[in-house]
1. Which ones in region A:20-48 are within 13 Å of chain B (Cβ to nearest Cβ) and on the phi > 0 side of the Ramachandran plot?
2. Taking the options B:24, B:52, name whichever one is among the hydroxyl-bearing types (Ser, Thr, Tyr) and out of contact with any Lys or Arg (no Cβ under 7 Å at 6 or more places or on another chain).
3. What's the number of the only condition in (1) closer than 26 Å to residue B:90 by Cα; (2) more than 12 Å from every other protein chain (Cβ to nearest Cβ); (3) part of a strand (DSSP E or B) that residue A:2 fails to meet?
4. Scan region B:31-42 for residues that are under 15 Å from the mean Cα position of the chain (by Cα) and either among the β-branched types (Val, Ile, Thr) or facing chain A (nearest Cβ under 8 Å) (or both) and report the count.
5. Going through A:37, A:6 one at a time, which residue ends up being buried (at least 20 other Cβ atoms within 10 Å of the Cβ), over 17 Å from residue A:102 (Cα atoms), touching a Lys or Arg at 6+ places or on another chain (Cβ under 9 Å) and of a type outside the set (D, E, K, R)?
6. Restricting to region B:18-50, what's the tally of residues that are farther than 17 Å from residue B:86 by Cα and surrounded by 13 or more Cβ atoms within 10 Å (Cβ to Cβ)?
7. Considering only residues that are in a loop (DSSP other than H, G, I, E, B) and within 11 Å of the chain's Cα centre (by Cα), which ones fall in region A:69-106?
8. Can you pull out the residues in region B:84-109 that are away from chain A (no Cβ under 12 Å), in contact with a strand residue (DSSP E or B) (Cβ under 7 Å, 6 or more places away or on another chain) and surrounded by fewer than 18 Cβ atoms within 10 Å (Cβ to Cβ)?
Amino acid sequence: NAGVTQTPKFRVLKTGQSMTLLCAQDMNHEYMYWYRQDPGMGLRLIHYSVGEGTTAKGEVPDGYNVSRLKKQNFLLGLESAAPSQTSVYFCASSYRQDSNYGYTFGSGTRLTVV
Amino acid sequence: EDQVTQSPEALRLQEGESSSLNCSYTVSGLRGLFWYRQDPGKGPEFLFTLYSAGEEKEKERLKATLTKKESFLHITAPKPEDSATYLCAVQGNGQNFVFGPGTRLSVLP
C-alpha cells in the first residue's frame, strides 16, 4: 500500500550516541516533515522540506539535523542523543503545504534515550 | 503565536451516547483547520479540513463544525471502534501546522 514508511519502529540509545531515522514515501509528495510527539503536548515540528535538496527549521530544531537527498526520502539525525529527546517521532508528507487532504503520517519511531 | 487547545483531555462514553469534542484556536490568518484520528501505536489519520466559519463536514458518525474561534467534533451514537485520540490542528499564515494535545476518547460497549 502507498504511504509513509518509517524505520526503525523502536530504538534505545545511550546518552551521547548518534542515530538516523529514515522516512520513505511513495506518493511523489514534494513536502516532507518530521514531528515529535510527547505526552500532553501536541505534535511539534522539528524540520521540514519543500522539495528534494531543501530543508528548513521548524519549531524545535535544536539537537537534530535532516537531509533530503532524494525526493522520496527524508532523514532525521541525532548527533549526540540526550534524555530530553526521548519521544515518539513521526514523519509526514503532502503534495502542498496547504493540502486539502492534510498530511499522510507514518506509524512512528519510539525512541528512548537512557 | 498560533495556539490550539482541546477539551476535554479524556472522555469516556457508553456505546450510543453522543457527545462533542472541542478545539479552541488562535491563529493569524486561518488557512485551514484539520481533524485527525490517532490509534495507539499509529500515526495520525486525516479526517476533515474546514476552511471558514459556518462550514460543516461529515463522515459516518462524525461531524466537524467551525466558528471563528473554535471547532467541534460531534460524535453521534458512537461505537467502540470510534475509540481513539482525536487531534485538531490549524494552519495559519505561517503555513506550518500547529497541533493541539488531543482528546482521548473511549467508547465502552
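No value in this document is a laboratory result; all are computed from the given coordinates. Small disclaimer: the values here were computed from a predicted structure and weren't measured. Here the Cβ positions follow ideal geometry from the backbone for every residue, glycine too, while neighbour counts run over all protein chains shown.
1. A:40 - this is the single residue of region A:20-48 that is within 13 Å of chain B (Cβ to nearest Cβ) and on the phi > 0 side of the Ramachandran plot.
2. On inspection, the qualifying residue turns out to be B:52.
3. In the conditions (1) closer than 26 Å to residue B:90 by Cα; (2) more than 12 Å from every other protein chain (Cβ to nearest Cβ); (3) part of a strand (DSSP E or B), residue A:2 misses (3) alone.
4. So the count comes out to 3.
5. Among A:37, A:6, only A:37 is buried (at least 20 other Cβ atoms within 10 Å of the Cβ), over 17 Å from residue A:102 (Cα atoms), touching a Lys or Arg at 6+ places or on another chain (Cβ under 9 Å) and of a type outside the set (D, E, K, R).
6. Count: 4.
7. The answer is A:106, and nothing else.
8. Across region B:84-109, the qualifying residues are B:106, B:108.
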